[in-house]
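K.L.:
Can you read through this structure? Questions will come right after.
Every number in this text was worked out from the coordinates using simple rules, so none of it is lab data. Worth saying up front: this structure is predicted, and the values here are computed from it rather than measured. FYI the Cβ positions are ideal-geometry reconstructions off the backbone, even for glycines, and counts take in every protein chain you see.
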Ligand SMILES: Cc1ncc(COP(=O)(O)O)c(C=O)c1O
């Protein structure tokens, strides 16, 4: 079904507003990224920073560092303010009012609302819990028409953490090519697979546009170091749009991003250490909790359990009010019987947060 765009021109995201104002707690298991990486651990001195610099259509050292990291040419890299802006720019550059956009369901809300904001007609294709939240390309094929301009997916999937294999992506690319659409793949969680992470979907063909940042896998959200990988013609258009929305980027952030990219292996090691420790705790917990059904995985920073008995809003209320702990209610991801749990916080916080989650679960099942 296509929703009438004119009637619901989205101007915000309820989920992001909730995350900014309600998710904070001593035991915050709502955050989907790694705990912040401290500035003091980056090998940089104040003398190496500067307020203004030669950043026009990209700051050359940053362009080079991103291109090297992603294994692409610099003319396919567009620097953006986080994956958030990267996604907005890609959609704004590829979709006009009345065009059709195909978006996975469940979805990260800002992706849906940007399409709504642009006046697109939105069609959905399912990612079902029963199928491990995988994508069946035949469902996309059935939904695609000559009016489809963009197919939107996240890999890893937010909220479920499911990984899409390259052969599935290739099939989606074929469908897109057939109707002359693009595939936007938000890959902001992909680096949380570390050495198992595949190459970016950008490499699968001109119709693929990939977005990402240093936020989730590295705990560097504050740098706002995001990027888009797109074929050079589209990349040029995206740089043009950037002139309308930011003009010139924050140069100190560009300089710090270069330092972070040069030290990414070390930063990733910290993330892996935390995630590996937390995963052992999490998997033991999940084995013991019969009321939680979940697709377990050995990578990533989130899981999305389904509560088999009891109510999620009651669980979240008790967690917050009595246990100073937060998780994301599944209603923000279109699946109210689930909740999303982040695994990237410091292990001492995670261990205690999980213990508190266990107590709250005991209470709602009485
Ligand atoms: C799928 C997805 N894309 C983008 C973002 C935002 O990332 P960034 O911090 O790079 O803007 C998030 C954050 O939750 C996300 O889940």
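K.L.:
Based on the alpha-carbon gyration tensor of the range 271-366, what equivalent-ellipsoid semi-axes (square roots of 5 times the eigenvalues) come out, in whole Å, largest first?
P.N.:
Three semi-axes, in Å: 20, 15, 13.
K.L.:
What shape does the range 119-259 take by its C-alpha gyration tensor, where a ≥ b ≥ c are the square roots of the eigenvalues and a/c under 1.5 counts as rounded, a/b above b/c as prolate, and the rest as oblate?
P.N.:
Taking the square roots of the gyration eigenvalues as a ≥ b ≥ c, the range 119-259 is oblate.
K.L.:
Taking the chain as a Gaussian network, Cα atoms linked when under 10 Å apart, which of 312, 248, 172 shows the biggest mean-square fluctuation?
P.N.:
Checking each option, the largest mean-square fluctuation is seen for 248.
K.L.:
A further question follows. With Kirkwood's inverse mean 1/r over C-alpha pairs for Rh, give me the Rg to Rh ratio of the range 1-147, two decimals please.
P.N.:
1.03
K.L.:
Give the relative contact order (percent, whole number) for the chain; include only Cα pairs under 8 Å separated by 6+ residues.
P.N.:
About 25 percent, as a whole number.
K.L.:
Based on a Kirkwood Rh over C-alpha pairs, give the Stokes-Einstein translational diffusion coefficient of the range 79-163 at 4 °C and viscosity 1.567 mPa s in µm²/s.
P.N.:
Diffusion coefficient, whole number: 98 µm²/s.
K.L.:
Still on this model: Which value at 222 nm does the chain reach when only helices count, each DSSP H run of 4 or more adding -39,500 (n - 2.57), with the total divided by all residues and rounded to the nearest 500 deg cm²/dmol?
P.N.:
-12500 deg cm²/dmol
K.L.:
As a footprinting exposure proxy, order 51, 351, 153 by other Cβ within 10 Å, with the fewest listed first.
P.N.:
Least crowded to most crowded, the residues run 51, 351, 153.
K.L.:
How do 338, 178, 251 rank when sorted from fewest to most other Cβ atoms within 10 Å of their own Cβ?
P.N.:
178, 251, 338
K.L.:
In terms of the Cα gyration tensor, with a ≥ b ≥ c the square roots of its eigenvalues, is the chain rounded because a/c is under 1.5, prolate because a/b exceeds b/c, or oblate?
P.N.:
Taking the square roots of the gyration eigenvalues as a ≥ b ≥ c, the chain is oblate.
K.L.:
For the range 178-241, what does the convex hull of the Cα positions come to per residue, in cubic angstrom?
P.N.:
Once divided by residue count, the hull of the range 178-241 is 94 Å³.
K.L.:
For the range 27-106, what class follows from the C-alpha gyration tensor (a ≥ b ≥ c being the square roots of its eigenvalues): rounded when a/c is under 1.5, otherwise prolate if a/b is larger than b/c, else oblate?
P.N.:
oblate
K.L.:
Further question: What ranking do 56, 218 get, fewest neighbouring Cβ atoms within 10 angstrom at the top?
P.N.:
With the sparsest Cβ surroundings first, the list reads 56, 218.
K.L.:
Two decimals is fine: what's Rg over Rh for the range 130-187, C-alpha atoms, Kirkwood radius as Rh?
P.N.:
0.96
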